[in-house]
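What follows is a set of notes on a single structure, which appears directly below.
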Amino acid sequence: MSQSTDLRQLIIEYLKCKELVSSKEIHDAVKQFAAYATVKRTLQSLISEGYIQIIGNGKSTKYCLSPSFSIIAPINLETYFLKEIDERQIRSDFNLILIDEVLNSTQLFSEGELERLNNLQSVFKHNTSNLTEDEFNREFERLAIDLSWKSSQIEGNTYSLLETELLLREKQTAAGKTKDEAIMLLNHKEALDFILSNKDYVNPLTTSRIEDLHSILMKELKVGRNIRKRRVGISGTNYKPLDNEFQIREALQAMCNLINSKTNVFEKALLSLVLISYIQPFEDGNKRTARIISNAILMNEGFCPISFRTIDSIEYKKAMLVFYEQNNITPFKMIFVEQFEFAVKTYF
C-alpha cells in the first residue's frame, strides 16, 4: 500500500472496533502495509486533525477515536449517495445533545485548515487595507450580486447571473420569470446592504436578530414570519426537524450560546451555516437566512464575506443532507474553506 490516506483509513477502521489500544497493537494490525515509524507518524497526524485522542502517557499511552470523530470524520459523498433515501442508515430525529454537548467540545477545523484560512484572511486584510470606503462598497456590491444570485439559485430561482445583475443594479426584471423570483433576489440584496451598514448586528447573536434578518429575506414572499408553529419536511431526506415551537426556540438559543462562546470566527460562521439549516426554525428561507447570518458574523470581525458563487447547488444540498442525517460537518466544511478561498481571490 503506497498511499498514506489508505493507512489512515485502516487505522480509523481498526479503532472503530476497539476501545483503547497501544501503538504496537495498531501496528500489529497494519504491519503488512507500513513500518512502525510510519504508523506513529500517521497517528500523530490523526491526533492533530482531531480524529483520535491519547489516553495516558509514556508506556501506558493508548489511542482511541475522539468524541468528535463522527462530526469531522472523512466521508465520501459519492459513495454515501449511492444508497437511496430509504436505504441510508441515518439519525432521523433531531439530535438533542448535538449543540450543547458534542459541538461544544469539538474543534471543527484542523491546524492545517486554520492555517490555510488565516493565511487567506491575511491576504484579504492586505488587499483591503488601502481601499477607500467607496471602493470597498463597490467590491461588496459585486459580491452581493453574486451571493444573491447563487443563494437564490440554490433555492430554485431561475434568474441567471446577468439577469440578477440587471435586476439589482437597474431594477430591470427578466422576461418569463415570476415576481417572487425577483423579490427573492431583491430581498437578498437588501439583507446584505443591511449587514454592511450594521456590521455588529449579530454580535452577540440572538434569536430575535436572526428573526429580523429572516423577515427581510421573506418580505412580500407570503412566508410566515418568526419561529414556525407547525411541522416541516425536508425533501431528499428522512430527517425530521423539531416540530414543537418551544423546543425550536430552545435549540436556537442553544445555538446562539454556542456561537457566542466560540472565539474562532471561522467556527462561528460555519456553525451558523449548518445549525440554522439543521434546526429549520422557519417555515421557509432557513438556508438563505443561514448564509446571511454567516456572512454577517464574518463581516462583524472584519473577515472576508463569502458569495458561494462557484459551488454546485446539488453538492451544497448533498453536504447539508449529510449533516442532517449523520451530523457530519466535513463535506460542508470543505465547501466553506473552498468558497472562502474563492472570495478572497476574486473580490476586493
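Nothing in this text is a laboratory measurement; each read-out follows from the coordinates by a stated rule. Source: prediction; values computed, not measured. All Cβ positions, glycine included, derive from the backbone under ideal geometry; neighbour counts span all protein chains shown.
Provide the net charge surrounding L242, with neighbours chosen by a C-beta distance below 13 Å and charges set as Lys +1, Arg +1, Asp -1, Glu -1.
Values: positive: R228, K229, R230, R231, K240, R249; negative: D93, D243, E245, E250.
Residues near L242 contribute +2 overall.
Can you grab the distance from the C-alpha centre of segment 269-348 to the C-alpha centre of segment 94-119, Å, no decimals?
The two parts, judged by their Cα centres, are 14 Å apart.
Modelled label-to-label distance, E139 and K240, 7 Å Cα→beta-carbon offset: nm?
4.9
So what's the gap between the Cα centers of segment 8-72 and segment 128-181, to the nearest angstrom?
So the two Cα centres are separated by 48 Å.
Got a sec to turn the phi values of segment 71-77 into Karplus ³J(HN,Hα) couplings, 6.51 cos²θ - 1.76 cosθ + 1.60 with θ = phi - 60°, whole Hz, x for Gly and Pro?
Each residue's phi maps through the Karplus curve to give 6, 10, 4, x, 8, 9, 5 Hz.
With everything on Cα atoms, drop me the angle between helix 330-346 and the longest principal axis of the chain, reported from 0 to 90° to the nearest 10.
Between the helix axis and the principal axis of the chain, the angle is about 50 degrees.
Treating only the Cβ atoms of Lys and Arg (+1) and Asp and Glu (-1) as charged, compute the dipole magnitude of the chain about its Cα centre; round to the nearest 20 debye.
Details: 43 positive and 46 negative charges, 110 e Å.
Charge dipole, the chain, about its Cα centre: 520 debye, nearest 20.
Based on the mean of other Cβ atoms within 10 Å per residue, sort peptides 160-168, 318-326, 291-299, 19-27 so the most packed one is first.
Working: 160-168: 18.0, 318-326: 21.6, 291-299: 25.8, 19-27: 14.8.
Going from most to least packed, we get 291-299, 318-326, 160-168, 19-27.
Non-local amide H neighbours of I52 (under 5 Å, H modeled in plane, Pro and chain starts lacking H): which ones?
Long-range HN contacts for I52: I47, S66.
Using the Karplus curve 6.51 cos²θ - 1.76 cosθ + 1.60 with θ = phi - 60°, what ³J(HN,Hα) values do you get for each residue of segment 246-251, in whole Hz, with x for Gly and Pro?
For segment 246-251, the Karplus curve yields 4, 5, 4, 5, 5, 5 Hz.
What are the ³J(HN,Hα) values, in whole Hz, obtained from phi via the Karplus relation 6.51 cos²θ - 1.76 cosθ + 1.60 with θ = phi - 60°, for each residue of segment 91-106 in sequence order, with x given for Gly and Pro?
Values per residue, Gly and Pro as x: 9, 7, 8, 4, 7, 5, 9, 4, 6, 5, 10, 6, 5, 5, 10, 10 Hz.
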